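*Asks:* Just passing along the structure, written as structure tokens.
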Amino acid sequence: MGGDRRRLLATMPLHAITSGYGEAGLRERFAAEAAALPEAGRRKVRQALDLAARLHAADRRDAEPYVNHLLRVAIRVMSRSHYGVRDADVISAALLHDAVEDHAAELSGGGGRQQPGDGGQPGDGGRQAALAALAAGFGPRVADLVAAVTNPVYAPGRDPHQQYREHVADSLRRDPWARVIKASDFADNGAGLIHTGGPKLRRLAAKYAPLVPVLRELIMMPDTPLEAAVKQRIAAQLDRAAARLAALGGGPGPAP
């Protein structure tokens with residue numbers, strides 16, 4: 001990667017990198033951020049990216065490879081211009097945060113594949129075995145973080161969006177580091193809807209809008225392991241996201 005391009009990618013918004021340079025540009029930005037980690041940390045996050053890329057190789061999110069979403073979530077977590085987290089376990093879990101939900105059978109050795117989606121899948125589908133495989137490969141802390149941000153298998157007969165919000169509130173209240181991953185994931189899924197189109201847009205806006213105040217409260221809790229300035233920045237982003245989601249039909253927007 002040339003010096004001029006490296007400096008350009010280091011300053012560009014992540015969705016601008018995606019639009020202009022695609023997966024290759026995101027991978028370059030990821031490598032540049034990961035270079036600041038200790039050698040063992042660099043190995044771990046590269047291993048996590050390799051596994052995530054293999055698991056999601058055939059997956060797409062609209063017109064882009066699904067791995068782009070995972071790269072943006074991880075870059076946002078570790079970049080000094082975003083959250084500034086230099087913890088290889090947290091970065092690895094960010095890369096693998098959808099692995100159990102979408103590809104439990106492959107992780108657990110059961111074969112087959114699930115489709116990535118925005119809700120729980122019926123049945124366990126090998127999730128416990130998949131988490132055990134992650135613990136064996138990356139350590140129990142990575143597996144626990146992935147478990148904390150993995151959507152539950154939803155009970156029939158209840159609104160899945162409501163169950164999703166209940167899970168987020170309960171799970172993240174117990175695990176401060178998982179809040180960091182979920183905040184970055186939401187930045188891509190919820191706030192990032194401004195970059196999305198198609199018929200599912202209003203449905204997703206309705207799903208994510210009620211989560212904004214919950215996530216904002218969790219991020220601002222004293223035990224959330226982020227610097228005060230980062231928390232304030234995320235809170236401001238969530239306020240802007242609330243307004244955008246309201247404009248898309250997802251809710252009333254931020255409180256005045």
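Throughout, read-outs are computed from the coordinates displayed, never taken from laboratory work. Treat the numbers as computed from the prediction; the structure is a model and nothing was measured. No Cβ is skipped: glycine too gets one built from the backbone with ideal geometry, and neighbour counts run over all protein chains shown.
*Asks:* Checking a compactness column here: for segment 122-177, what do you get for Rg(Cα) / (2.2 N^0.38 Å), N being the number of residues?
*Replies:* Against the empirical 2.2 N^0.38 Å value, I get 1.23 for segment 122-177.
*Asks:* Note down the net charge around residue 128, summing +1 for each Lys or Arg and -1 for each Asp or Glu among other residues with Cβ under 14 Å from its Cβ. Mind dumping the intermediate values first?
*Replies:* Numbers: positive: 127; negative: 101, 124, 144.
That works out to -2.
*Asks:* Residue 212: net charge of surrounding residues, Cβ under 13 Å, Lys/Arg +1, Asp/Glu -1, itself excluded?
*Replies:* Values: positive: 165, 182, 207, 216, 240, 244; negative: 217, 239.
Surrounding charge for residue 212 is +4.
*Asks:* Continuing with the same structure: List residues of segment 9-36, by number, whose backbone nitrogen lies under 11 Å from a label position 7 Å along Cα→C-beta of residue 63.
*Replies:* From segment 9-36, the list is 19.
*Asks:* Find out how many positive minus negative residues lie around residue 22, taking Lys and Arg as positive, Asp and Glu as negative, among other residues whose Cβ is under 15 Å from that of residue 22.
*Replies:* Neighbourhood net charge equals +2.
*Asks:* On a full-extension model of 0.36 nm per residue, what is the gain between residue 246 and residue 228, subtracting their alpha-carbon distance, rounded to one decimal in nm?
*Replies:* 3.8 nm
*Asks:* Name the most mobile residue of 25, 126, 157, meaning the one with the largest mean-square fluctuation, in a Gaussian network model of the chain with Cα contacts below 10 Å.
*Replies:* Of 25, 126, 157, the Gaussian network model singles out 157 as fluctuating most.
*Asks:* Send over the per residue convex hull volume for segment 1-95, Cα only, as a whole number of Å³.
*Replies:* It is 88 Å³ per residue.
*Asks:* Dimensions of the chain along principal axes (Cα, Å, largest first)?
*Replies:* Ordered largest first, the chain gives principal extents of 49, 45, 38 Å.
*Asks:* Sticking with this one: Within the chain, which DSSP H helices have Cα atoms that stretch 27 Å or more along the helix axis and a mean Kyte-Doolittle hydropathy of at least 0.0?
*Replies:* Helix filter hits for the chain: 228-247.
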